[in-house]
Amino acid sequence: HEGTVRIYGMPNGTILREIKAHKKTVICCTVAPDNSRLVTVSWDGTTKLWRLPNMEIIRTIDSHGGEIVTLAGPAGTLVAAVTADGIARAIDTADGRIVRTIDLYTPQIRAAAMSSDGRYLASAGANATVRLWDLATGDLVAAAGARSTSERCCAFLPGGAGMVTGGWDGMVRIFHVPDLVLTRTLTGHTSTVTCLALSRDGEFLATGSNDTTVRLWRLP
């Protein structure tokens, strides 16, 4: 909450670097697949690109115009920062350019995710609708709604053929991409699914919930 970024050495958890990076809460961070770069976003409205492992700031992007609530990516050099007003800005971290700005149709975005090939951006908000966007054009590709509860987190399956969401109703849902047809619902949690993560080979899904449990699922 004080804007500090820390790098830990694993598995013993030793703090390697500690840097006061942002003026407000660091809301999200992501590491490039090759472990060469780190991106952090904050309620101060800035996106910072770091070089790993030395934690050198390569670039600061502060043209967001509001609090950043979530971060999607990376896909290659592309990430997307989403502000509280429901605007996603796709950023090429190679040169700091904002390559695409997309209005996500809701001011209460809970989560966003980017497919590994950089083709799609998914968004989930408080209006119980999951939307899929084409990052090249900014067009809406598909929307999945008609539920009584909203989604809290989302991620693409490896290869981009599907995506997973976690809902306020404790349900984990798997959608086909790009049409967002619901293909599977996983039950077991008794409260909001707050976070989820997929293994890089797509074999396992981990979900965490306000019911204080972590569940490990075997896919598909």
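The values are calculated or read from the model by the stated rules, or taken from the named source; none is laboratory data. Source: prediction; values computed, not measured. Don't worry about glycine lacking a Cβ; one is built from the backbone with ideal geometry, like all the others, and counts go over all protein chains shown. Accessible surface is based on the protein model in full, side chains and every heavy atom, while ligands, DNA and RNA are left aside. Shrake-Rupley method; radii C 1.70, N 1.55, O 1.52, S 1.80 Å.
Of note:
- Evaluation of Asp211 against the conditions (1) open to solvent by 60 Å² or more (accessible area, probe 1.4 Å); (2) assigned to a loop (DSSP other than H, G, I, E, B); (3) among the charged types (D, E, K, R) shows that the sole unmet condition is (1).
- Filtered residues of region 126-146 (kept if over 26 Å from Gly76 (Cβ atoms) and either at pLDDT below 90 or hydroxyl-bearing (Ser, Thr, Tyr) (or both)): Ala126, Asn127, Ala128, Thr129, Gly145, Ala146
- Every test in (1) in a loop (DSSP other than H, G, I, E, B); (2) in contact with a Leu (Cβ under 7 Å, 6 or more places away or on another chain) is passed by His189 save one, and that test is (2).
- Ile19 vs. criteria loosely packed, with under 12 Cβ neighbours inside 10 Å, assigned to a strand (DSSP E or B) and at pLDDT 90 or above: no
- Being closer than 30 Å to Trp217 by Cβ and touching an Asp or Glu at 6+ places or on another chain (Cβ under 7 Å) is a property that does not hold for Leu157.
- Ser42 in contact with a His (Cβ under 8 Å, 6 or more places away or on another chain), within 23 Å of Asp95 (Cα to Cα) and either of a type in the set (Gly, Ala, Ser) or in contact (Cβ under 8 Å) with a residue 12 or more places away in the chain (or both): yes
- The set of residues from region 45-73 being in contact with a Ser or Thr (Cβ under 8 Å, 6 or more places away or on another chain), over 14 Å from Arg97 (Cα atoms) and surrounded by fewer than 20 Cβ atoms within 10 Å (Cβ to Cβ) comprises Arg51, Leu52, Gly65, Gly66, Glu67.
- Residue pairs meeting the criteria (Cβ under 9 Å; at least 6 apart or on separate chains; first free of Cβ contacts under 8 Å to residues at least 12 places away in the same chain, in region 2-13; second in a strand (DSSP E or B) and open to solvent by less than 90 Å² (accessible area, probe 1.4 Å)): Tyr8/Thr14; Tyr8/Ile15; Gly9/Ile15
- Taking (1) within 17 Å of Asp179 (Cα to Cα); (2) free of Cβ contacts under 8 Å to residues at least 24 places away in the same chain in turn, Gly160 satisfies each apart from (2).
- Qualifying residues in region 84-121 (those that are of a type in the set (D, E, K, R) and in a loop (DSSP other than H, G, I, E, B)) - the one surrounded by the most Cβ atoms within 10 Å (Cβ to Cβ): Arg119
- Test: residue in region 169-176 that is within 20 Å of Ala80 (Cα to Cα), without any contact (Cβ under 8 Å) to a residue 60 or more places away in the chain, open to solvent by less than 20 Å² (accessible area, probe 1.4 Å) and not in a loop (DSSP other than H, G, I, E, B): no
- Checking each residue in region 30-44 for being part of a strand (DSSP E or B) and open to solvent by less than 30 Å² (accessible area, probe 1.4 Å) picks out Thr30, Leu38, Val39, Thr40, Val41, Ser42.
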